[in-house]
Structures are given as structure tokens and as C-alpha cells.
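Everything on this sheet refers to the single structure shown next.
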Amino acid sequence: MSDIEITRSVEIPDGLAAQNLCRKLPPGFPIFSDTETGQVLHESTLFLSRRLLGRFETGHLLVTAATVSALAYDHRDFLRFLIKEQKAVERLAAKDLYDYAATMTMRPSPITGDQYAQGTVARRVRLAVEFAAWLCERGIGIETDRAAILDLANRLPVNTHLRGNMRGYRRSAHVRSTLLPMQSKDHEPTILTQEQVQILLSQLSLPSRPESEVEQALAKRNCLMAKLALCAGLRREEVCNVSLGSIAAIVITSSEKRLMPLRLTKTKNSRIRNVLVPAPFVLALQQFVNVERKALVPAGIKNPQSLKEPLFPPLRRSRKGQVRPMTTQNFSLVVRQACLRAGLVTRVPAQAAGKRVELVTKPAFSIHDLRHTYAVWTYLLLRSSGDPNPWLYLQAQLGHRSSQTTIDVYLRAVRLFEVAVSDKFLNFATEIIGWTEQ
């Protein structure tokens, strides 16, 4: 066996279903198979189906399809580890679980190039322990390690993902400590300077093929999405899910310079809120809707200008005759690639599997850093204008439940960034953020 493939099928053939006891699977449910022989991996497919299906006869999912897909790829990562270590599933031991947890501290994530997030480690380690306990319950595995594996499974907190709540993995970050203590990541906000913002925005606005109308529209979309995160402090999922109706509801004239309310319907914790956006930027968004956006919407869409459709679509992708929103993963990838092309990079040490430390080049900034930059820049603008408590305004813009949360996150960053404040910077920040005395 060289690799694991995840295929999607409505049902398993009759002969195979008799062995797996999982004939009726929902359409699109992941099935694990060997890439060389095409043989279905019975235990892995059965494990995932038994964990994620409710009434098994009807194939009712207990979680969303996106959660099923995420857990399938996490389980495949563990199976690939076993293949690399030349360990058969039937010979799984407790030591293999410890070794698997250790690999995520010795190699960077292939997607971000950074240390694995705590939630990712907790989710993958938990799934691996659950799979090992599943094998023990079915009488598969080394008898001497049965007690150790079941003890690890008993130390896991209550299964929260069966209720469709993936945040339970992040809240129960101590799951990973049952196998391997990990150093927590440094979450101090990263703030961009004026020059770095100018370089990043100019790189995003450059089309890969200037003669192509579609590439020009993509560059305009990417730049506007980054500016929206920068001038209003939105999270990446909030930027991707801005609707046409939110923009169309704003009535504005070309001479207005004040801030305009933008309604967000899909936010963190599903709380609808309004954020203030500069009027000139709203005009730029409305112009994008009337011109460039039409080049990105595929043919055959029922009503591409419907108020429920997303403002920022991907390139020619549709589902059931509707425009799909830009995904957060693609949005982050666009910003990371722009940083690499613009030379906004950093070199960090990463330990390879052979315990050899190497320097890895990675983007210096992420899309969330634009939100942090907005918070610090706005605080400095408000304070320079004489606002006695800028934190209250920032709390409402950022969508925090308490102003103390805003202070705890950004107070140190504000103090460190104050040395870069100048009249030139304040003028540029005012132009980007659009804040003026109301």
C-alpha cells in the first residue's frame, strides 16, 4: 500500500457491504481505498460511518457534510502516517499514537507552512485515539496495548463533534496533552506599517494577464476584499459572505465622505451587526458590482444580481444555479501568495523528521493581520482626535462581546506601534480607514 484515496459513492457493492455492514451510506460519504489496488479499507470506512451516522438504516448524518469531509481527511493523515512507518492497522500500538502526535511538532503544516494550530492537533489526535479504541473494541490490535489505548480514550472529554460543534475540539485543547505536551503558539497581533500595506495592496491589484478581462476582474476583487478587511476590521469569513443586498441598501452620493453602515448577516457566533465603512469605498464596491463582478459570474446563473448572492464570487463556480461565495481558504491563499510575490516574507526555523533544523520561508502576514492593523490604526486615529475611550468604538466594529476583550488583545500592540506614528502615517490611515470626526 503506497497511499490512501478518498472516494465518494452512494453505496458499497453488495459483496463488500456484507463484510462492512455499511451498505447504505449517504450520497457523497467518504470511502477509504488503496490507490494501488482500489480495495476499500473496511475498518476505516466502517469507523467513520458508525461515528458520524445516526439512524444507520437511513444513513442520517449527525453532522454537516463539511464536518464529515474534514474528519475524513484528518483520518487519512493518520493512515498515511501508519503507511510511512510501515505499520499495519491490525498491529496498531499505543506507541504509534504518541509517535503520530510527535510528528505534528516536527514538521510544518503543508498548507500554511506554520506550526499546526492547537485545534487541528486536538482534532487529529482525538480521532486517532478513537480509531484505536474502535479497533480494540472489535478485537483488533495488540492485546498488551489494549488497556493503554482504552485508557487514552477514556481520558478524552465528551464527544462534542457528534452535535456538529467543531469548536468543541478547540475548547478541549487539553486533548493533545493526553499524548504530547505542545508549546502554545504566540498570538500577539501582527501590525502592518504604511509601506507594507501599500506594497500588499499594489501586488493584489496587479492582474496576472493584463490583457484578460477576467484576470483584471479577479485582481480588482482580491484588492477590494483585502481593503474591506483593512478599512472595517472584518474577519475573513465576514468578508467572503458580504451580500449584494448589503451593498445595494446603502444610498450614497459621490460627494459624501462620511462612514456608512454595512450590514453583516454571517458573522462569528451568528450575531448580525453593522460596521461602518468609508463612503468612497462603498462607491468602489458598487462600481465593482456593475462592472468587474459580471465577468466572474458563470453563464447559466438564474439571477446573478440577486440581493441574496455574495458580493465576491470565485471564478466561474456555481451550484444549483446560484453564485457561490469566495471561500475563506482561497481568500487566505490569495493574500499569502501576494505576500510571497511582493517579498513580504519571514524566515522561521522548522524541525524536519530527522531532527534537523532548517529555515523555512513563509508569508509574513495573513488576512487576519489586516483586521489587527485596522484595530491599532483606528485606535491611534481616535486618540489623536481627542476621543477619551477609543476602545468602545473598536469593540462595536470588531464585534467583541466586551471592550475588555478588545483591550486585552490590542493594548500591547498599540504601545509597540506608537513609535511609528507620524503625521504622514495619520493622513494615510485616515484615507484608508475613512474615519473623520462625525
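Numbers at a glance
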quantity	calculated
Criterion: in contact with a helix residue (DSSP H, G or I) (Cβ under 8 Å, 6 or more places away or on another chain), in a strand (DSSP E or B) and in contact (Cβ under 8 Å) with a residue 60 or more places away in the chain - qualifying residue of 277, 214, 239	277
Segment 79-103: number of residues that are in contact with a Ser or Thr (Cβ under 7 Å, 6 or more places away or on another chain) and either open to solvent by less than 10 Å² (accessible area, probe 1.4 Å) or in a loop (DSSP other than H, G, I, E, B) (or both)	1
Criterion (touching a helix residue (DSSP H, G or I) at 6+ places or on another chain (Cβ under 9 Å), open to solvent by less than 20 Å² (accessible area, probe 1.4 Å), assigned to a loop (DSSP other than H, G, I, E, B) and not polar (S, T, N, Q)) met by exactly one of 312, 288	312
Close pairs from segment 427-438: first farther than 19 Å from residue 234 by Cα and modelled with pLDDT of 75 or more, partner surrounded by 11 or more Cβ atoms within 10 Å (Cβ to Cβ) and not aromatic (Phe, Trp, Tyr), Cβ under 7 Å, at least 6 apart	428/194
Hits in segment 188-211 (condition: among the aliphatic types (A, V, I, L, M) and either within 20 Å of residue 412 (Cβ to Cβ) or part of a helix (DSSP H, G or I) (or both))	191, 192, 197, 199, 200, 201, 204
Residues of segment 349-384 satisfying the condition of being among the polar types (S, T, N, Q), more than 17 Å from residue 339 (Cβ to Cβ) and either at pLDDT below 85 or in a strand (DSSP E or B) (or both)	351
Filter pass, residue 266 being surrounded by fewer than 16 Cβ atoms within 10 Å (Cβ to Cβ), modelled with pLDDT under 90 and under 26 Å from residue 296 (Cα atoms)	yes
Residue that is at pLDDT below 80, of a type in the set (A, V, I, L, M, F, W, C) and out of contact with any Asp or Glu (no Cβ under 6 Å at 6 or more places or on another chain), where the choices are 135, 152	152
Failed item, numbered, when residue 95 is tested on (1) at pLDDT 80 or above; (2) within 22 Å of residue 52 (Cα to Cα)	(2)
Some residue of segment 247-258 being under 26 Å from residue 369 (Cα atoms) and modelled with pLDDT of 90 or more	yes
Some residue of segment 232-243 being open to solvent by less than 60 Å² (accessible area, probe 1.4 Å), more than 20 Å from residue 375 (Cα to Cα) and hydroxyl-bearing (Ser, Thr, Tyr)	yes
Evaluation of residue 272 against (1) open to solvent by less than 70 Å² (accessible area, probe 1.4 Å); (2) of a type in the set (A, V, I, L, M); (3) modelled with pLDDT under 90 (one fails), failing number	(1)
Qualifying residue in segment 383-399 (condition: in contact with a Pro (Cβ under 7 Å, 6 or more places away or on another chain), closer than 24 Å to residue 272 by Cα and not hydrophobic (A, V, I, L, M, F, W, C))	no
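Results for (1) within 29 Å of the chain's Cα centre (by Cα); (2) open to solvent by 70 Å² or more (accessible area, probe 1.4 Å), shown as yes or no for each residue.
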site	(1), (2)
382	no, no
392	yes, yes
400	yes, no
404	yes, yes
407	yes, no
412	yes, yes
419	no, yes
427	no, yes
434	yes, no
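The values are calculated or read from the model by the stated rules, or taken from the named source; none is laboratory data. Keep in mind that this is a model prediction, so the values were computed, not measured. Neighbour counts are summed over all protein chains in view; Cβ atoms, including those assigned to glycine, are modelled from backbone coordinates with ideal geometry. Surface accessibility is based on the protein's heavy atoms, side chains included, excluding ligands, DNA and RNA. Shrake-Rupley method; radii C 1.70, N 1.55, O 1.52, S 1.80 Å.
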